[in-house]
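Remarks on the structure that follows.
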Amino acid sequence: MSSETGSIYSRKNPFPAKHSLNRRLSGAASEKDTRHHEISLEGSGLAYEVGDSLGVFASNDPLLVQEIISMLGATGEETVSGNEGSPKSLREVLWKDYVITTPSKEFLAAIIAKAGDAAEDIAALTADLSRKKELEHYLWGREVIDFLLTHPKLQWTPEEFVKCLRKLQPRLYSIASSQKAVGEAVHLTIATVRYETFGRKRNGVASTFFADRTGGGVRVPVFVHTAKHFRLPEDPATPVIMVGPGTGVAPFRAFLQERKALGGGGKNWLFFGEQRRDSDYLYQSELETLRQEGILSHLDLAFSRDQPEKFYVQHKMREASAEIFAWLQAGAHFFVCGDGARMAKDVDTELHAIVTRESGCSPEQAAEYVETLKKAKRYKKDVY
Ligand SMILES: Cc1cc2nc3c(=O)[nH]c(=O)nc-3n(C[C@H](O)[C@H](O)[C@H](O)COP(=O)(O)OP(=O)(O)OC[C@H]3O[C@@H](n4cnc5c(N)ncnc54)[C@H](O)[C@@H]3O)c2cc1C
Ligand SMILES: NC(=O)c1ccc[n+]([C@@H]2O[C@H](COP(=O)([O-])OP(=O)(O)OC[C@H]3O[C@@H](n4cnc5c(N)ncnc54)[C@H](OP(=O)(O)O)[C@@H]3O)[C@@H](O)[C@H]2O)c1
């Protein structure tokens, strides 16, 4: 029994949870496909706190599984080793146990060994450590199936093939609900990863599993991933500022449900951004209701593609510079969730700029101020 989740279920022993709702949040005209999912935790004893994530063991696309089986000249019924070493059918392990999209080093080594001169391009790149960047560039957007299609005559035994594959890892999703509002359930906000490379449509494993294959109350193995670094302030009267563009809004939906249920009176300020107001304003009616109810004291929106110049959450923060600084001086906690590659860095830069501008201090002193916020656990990030 885990003391954190109060349940026998964990990453090592995930709970087969019933998926109950898959609702598209993105409008018909959106370039994205972001969805709201609901999963039942009934019977699991699993408990979570707002700020936690849900770990999910998704399965691979059965059509891709079948294509690989055909390329191997197999039937799928052959017995091979599963990722825990137990014997299973080839189809079962390709579906649930192994990574069948991104090629592993072992798979590339097997291609080189089997294909000889026909794979000399990839052999040259893998042999020379100084060409690591070129190798990464070469592999970007290339999947296991591409190598099988390029070298269709190679002979593989099913066991030899699966031995080259890495274990399929669970994906994490920020929990978008509070148990004070939804009870034995968990809500998620998932952006579907779809793209095209080398003339082929590609699908992110877990996000397209959720988008395309969660009908009929399918069971999904899940566990709670606790995030002690991403907690609401203990005192519900403390003000919070939340910056969550895109799916980054997910934990803040949970925070708002929690703060509404607690009724502690603390002010809540959300910065949300997406591409277009008409098609990408995730949870629009919920957020506007929270605004009307006064739970959200401030709701600032940045729709990046509704005008010729890009307009992002950090630009909205700049417009509210003085008030953000006043909130920080009054003890507010500052949260950021979503894209870690660019957004979180730019928001951090703007936060430093706000402190410099509003306090009249030097950039070095602003850095110290922000560092103090971090040390006091008042500046918290959950980025990916
Ligand atoms: C703590 C945490 C919380 C998270 N919360 C959320 C959340 O609330 N909502 C959410 O949607 N996600 C969230 N994520 C991200 C999520 O875990 C997955 O990483 C995401 O859904 C993609 O997983 P996937 O299995 O669908 O894609 P994968 O099968 O893992 O494929 C993604 C990979 O595809 C490749 N790729 C992507 N685009 C391209 C392209 N254009 N060209 C070539 N290759 C490309 C990249 O290598 C990328 O890493 C979170 C991550 C963490 C760590
Ligand atoms: N590992 C993975 O496979 C995976 C899968 C899915 C998502 N992710 C990550 O999760 C992030 C979230 O994806 P999402 O679909 O929820 O939303 P997103 O891509 O972060 O987009 C949300 C909004 O943020 C804007 N934005 C882009 N760059 C920004 C910046 N530097 N500063 C502030 N805002 C910026 C976007 O504008 P524009 O688009 O108009 O520029 C859009 O309006 C992705 O960016 C990605 O890093 C990773």
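The values are calculated or read from the model by the stated rules, or taken from the named source; none is laboratory data. All values derive from a computational prediction rather than experimental measurement. Positions of Cβ are generated from backbone atoms using ideal geometry, with glycine treated the same way; all protein chains shown enter the neighbour counts.
The condition (being among the small types (Gly, Ala, Ser), within 16 Å of ligand 2 (Cβ to nearest atom) and assigned by TED's automatic domain parsing to the domain that holds Lys310) is satisfied by just one residue among Ala376, Ala353: Ala353.
Give me the pairs, please: first residue somewhere in region 180-201 and touching a residue at least 40 places away in the same chain (Cβ under 8 Å), second residue anywhere and assigned to a loop (DSSP other than H, G, I, E, B) and near ligand 1 (Cβ under 6 Å from one of its atoms), beta-carbon distance under 6 Å, and either six or more positions apart or on two chains. What qualifies is Thr197/Gly141.
The helices (runs of 4 or more DSSP H) falling completely within region 243-331 that include 2 or more residues that are within 16 Å of ligand 2 (Cβ to nearest atom), surrounded by 14 or more Cβ atoms within 10 Å (Cβ to Cβ) and on the phi < 0 side of the Ramachandran plot map to 250-262, 277-280, 284-293, 313-319.
A quick yes/no check of all residues on (1) of a type in the set (Ser, Thr, Tyr); (2) under 17 Å from the mean Cα position of the chain (by Cα); (3) more than 21 Å from Gln169 (Cβ to Cβ):
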residue: Val182; (1), (2), (3): no, no, yes
residue: Val186; (1), (2), (3): no, yes, no
residue: Thr189; (1), (2), (3): yes, yes, no
residue: Pro233; (1), (2), (3): no, no, yes
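Gly216: surrounded by fewer than 18 Cβ atoms within 10 Å (Cβ to Cβ), over 21 Å from the mean Cα position of the chain (by Cα), more than 13 Å from ligand 2 (Cβ to nearest atom) and not hydroxyl-bearing (Ser, Thr, Tyr), yes or no? It is true that Gly216 is surrounded by fewer than 18 Cβ atoms within 10 Å (Cβ to Cβ), over 21 Å from the mean Cα position of the chain (by Cα), more than 13 Å from ligand 2 (Cβ to nearest atom) and not hydroxyl-bearing (Ser, Thr, Tyr). Residue check: Thr192 meets all listed conditions (1) out of contact with any Gly (no Cβ under 9 Å at 6 or more places or on another chain); (2) within 14 Å of ligand 2 (Cβ to nearest atom); (3) of a type in the set (S, T, N, Q) but one, namely (1).
Determine if region 206-226 includes at least one residue that is within 13 Å of ligand 1 (Cβ to nearest atom), in a loop (DSSP other than H, G, I, E, B) and under 25 Å from Lys380 (Cβ atoms). The answer is yes, given that some residue of region 206-226 is within 13 Å of ligand 1 (Cβ to nearest atom), in a loop (DSSP other than H, G, I, E, B) and under 25 Å from Lys380 (Cβ atoms).
Assess whether Gly6 counts as being within 20 Å of Lys163 (Cβ to Cβ) and part of a loop (DSSP other than H, G, I, E, B). Considered against the rule, which asks whether it is within 20 Å of Lys163 (Cβ to Cβ) and part of a loop (DSSP other than H, G, I, E, B), Gly6 comes out as no.
Considering each residue of region 36-54 in turn, at least one proves to be within 29 Å of Phe303 (Cβ to Cβ) and among the hydrophobic types (A, V, I, L, M, F, W, C).
Here Ala330 clears all of (1) touching a residue at least 60 places away in the same chain (Cβ under 8 Å); (2) in contact with a Gly (Cβ under 9 Å, 6 or more places away or on another chain) except the condition numbered (2).
Ile68 - would you say it is within 18 Å of Asp146 (Cα to Cα), in contact (Cβ under 8 Å) with a residue 40 or more places away in the chain and of a type in the set (Val, Ile, Thr)? Taking the combined requirement at face value, the residue satisfies it. Looking only at region 344-361, residues that are touching a strand residue (DSSP E or B) at 6+ places or on another chain (Cβ under 8 Å) and not acidic (Asp, Glu) come to 3 in all. For region 297-347, the candidate set comprises residues that are over 18 Å from Tyr379 (Cβ atoms) and within 16 Å of ligand 1 (Cβ to nearest atom); within that set, the residue that is nearest to the chain's Cα centre (by Cα) is Ala341.
Check region 362-374 and report whether any residue there is closer than 25 Å to Ser53 by Cα and touching a strand residue (DSSP E or B) at 6+ places or on another chain (Cβ under 7 Å).
Yes; the residues of region 362-374 include at least one that is closer than 25 Å to Ser53 by Cα and touching a strand residue (DSSP E or B) at 6+ places or on another chain (Cβ under 7 Å).
Among the residues making up region 333-371, a single one is of a type outside the set (Asp, Glu), part of a loop (DSSP other than H, G, I, E, B) and touching a residue at least 40 places away in the same chain (Cβ under 8 Å): Gly340. Give me the residue from region 9-56 that is of a type in the set (D, E, K, R) and part of a loop (DSSP other than H, G, I, E, B) and, out of that set, surrounded by the most Cβ atoms within 10 Å (Cβ to Cβ). Taking the candidates together, the pick is Asp52.
Quick check on this structure: which one of Gly51, Gly27, Gly55 is within 25 Å of Gln284 (Cβ to Cβ) and under 20 Å from the mean Cα position of the chain (by Cα)? It is Gly51. Based on this model, can you work out whether Gly294 counts as more than 26 Å from the chain's Cα centre (by Cα) and farther than 26 Å from Gly266 by Cβ? No, not satisfied. Of the residues contained in region 151-171, one or more are found to be under 23 Å from Val50 (Cα atoms), within 16 Å of ligand 2 (Cβ to nearest atom) and either in contact (Cβ under 8 Å) with a residue 12 or more places away in the chain or in a loop (DSSP other than H, G, I, E, B) (or both). Mind listing whichever residues of region 125-150 are at pLDDT below 95 and within 16 Å of ligand 2 (Cβ to nearest atom)? Listed by number, the list is empty, since nothing qualifies.
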